[in-house]
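Worksheet: the structure to be examined is printed underneath.
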């Protein structure tokens, strides 16, 4: 193959590399939203983002410097009529320079990384403790001091340090709230700890960042950062048992109790105390069904009860093949669980 015949292949490779870089930059910029590590909203996420941008800046300067030196050498020391191309083989000065400079840069990055790790250690004090338990494929959040259990939603007060005790009941998962805290794996048989403090009110997306099975994509959760008063009101509402159902909802409760639902789900104030699936005590107040697979509306709830496997195949929720009359009654009951 001649040089002329290789040029189209090389140009195609260069174009493909350029397109890949452009797409990577574009996706990074596009991800800079309220649920991105590029928009930190906690102390831990902020110090981590600062280190990231410093490394990006260093890498950018190195890229510009190396490419600039390369193009300068191509022009200034190229072969010309009557002059051979210059070479620098055996230049001790250059070899020392390009050995010492990377070592110095890596040393600086190492020191800053250690400082960031030290800064991200949990400060002294009395933090709010929450247990986060990973399941295939949903998240359970226990508030031991308050005596409540939630699912799919993690409520925290703004400005308060939150310690999360992380564990898994089945396979390895990964707990990640991009704007609040870096990833940490949840490993069966281990209790791992992380912490964060939400700096401002708002909703933050969380997800499992480790492939954990068929429905890994639908293992999301939401962090709701609230003012201390709003958080206290939420805690109080979660500590209250659901209201006594009447009418069609009462029929749904009787149907629920007649099935095996209580062996998998818990409802405060009833004999249901299962822990295989999420607690249903306040399920009607959550933002989604199935850890993100459907918006929590009565219509979607009916569709989910009729055939959960159609929306989340492989989940522990079986298809009970309820009759057309059973689904509205069950939906009416579940809607009262606020």
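The distance between label points at residue 203 and residue 38 comes to 2.2 nm (points 7 Å beyond Cα on the Cα→Cβ vector). Please work out whether the range 128-229 counts as rounded, prolate or oblate from its C-alpha gyration tensor, where a ≥ b ≥ c are the square roots of the eigenvalues and a/c under 1.5 means rounded, while otherwise a/b larger than b/c means prolate and anything else oblate? Note, shape of the range 128-229 comes out prolate. Annotation: the antiparallel percentage among DSSP beta bridges lying fully within the range 128-229 is about 65. Among 119, 69, 266, which one shows the highest mean-square fluctuation when the chain is modelled as a Gaussian network with alpha-carbon springs under 10 Å? Fluctuation is largest for 69.
Can you tell which of 36, 323, 315 shows the greatest fluctuation in a Gaussian network model of the chain with Cα springs below 10 Å? Maximum fluctuation in the GNM of the chain, among the listed residues, is at 323. Label-to-label distance, residue 75 versus residue 214, with points set 7 angstrom from Cα along the beta-carbon direction: 6.1 nm. Starting from the Cα gyration tensor of the chain, take the square roots of the eigenvalues, sort them a ≥ b ≥ c, and report rounded, prolate or oblate (rounded when a/c is under 1.5, otherwise prolate if a/b is larger than b/c, else oblate). Note, shape of the chain comes out prolate. Working from label points 7 Å from Cα in the Cα-to-Cβ sense, the residue 310 to residue 227 distance is 4.4 nm.
Length gain on complete extension for the stretch residue 160 to residue 237, per 0.36 nm per residue less the alpha carbon to alpha carbon distance?
Details: separation 77, 0.36 × 77 = 27.72 nm, distance 2.02 nm.
So the chain would gain 25.7 nm between residue 160 and residue 237.
Take every DSSP beta bridge whose two residues both sit in the chain; close to 70 percent of them are antiparallel.
Measuring between their Cα centroids, the range 142-214 and the range 51-65 lie 31 Å from each other. Over the residues of the chain, the helix contribution to mean residue ellipticity at 222 nm works out to -13500 deg cm²/dmol, using -39500 (n - 2.57) for each DSSP H run of at least 4.
Highest-first packing order for the peptide set 80-87, 179-186, 47-54, 269-276 is 179-186, 47-54, 269-276, 80-87, based on the mean count of other beta carbon atoms within 10 Å.
Treating the angle as unsigned and between 0 and 90°, give the value, to the nearest 10°, between the Cα long axis of helix 92-119 and the longest Cα principal axis of the chain. Orientation of helix 92-119: about 20 degrees from the principal axis.
The gain in end-to-end length when the residue 121 to residue 104 segment is fully stretched comes to 3.5 nm, 0.36 nm per residue minus the alpha carbon separation.
Largest GNM mean-square fluctuation among 224, 118, 171, using the chain with Cα springs under 10 Å: 118. The angle between the Cα long axis of helix 228-239 and the longest principal axis of the Cα atoms of the chain comes to about 40 degrees, rounded to the nearest 10. Angle of helix 3-30 to the longest C-alpha principal axis of the chain, folded into 0 to 90 degrees and rounded to 10: 40°.
Given Cα pairs under 8 Å that are at least 6 residues apart, what percent is the relative contact order of the range 228-307? Numbers along the way, then the final one.
Details: 60 pairs, mean separation 13.5, N = 80.
Normalised by residue count, the contact order of the range 228-307 is 17 percent.
The distance separating the Cα centre of the range 67-132 from that of the range 244-268 comes to 63 Å. Using a ≥ b ≥ c from the Cα gyration tensor of the range 30-119 (square roots of the eigenvalues), is it rounded, prolate or oblate, where a/c under 1.5 gives rounded and otherwise the larger of a/b and b/c decides, a/b for prolate? Here the range 30-119 falls in the oblate category.
Each reported figure results from applying straightforward, stated rules to the coordinates on display, with no laboratory input. This is a predicted model, so every value here is computed, not measured. Positions of Cβ are backbone-derived with ideal geometry, glycine not excepted, and every protein chain shown enters the neighbour counts.
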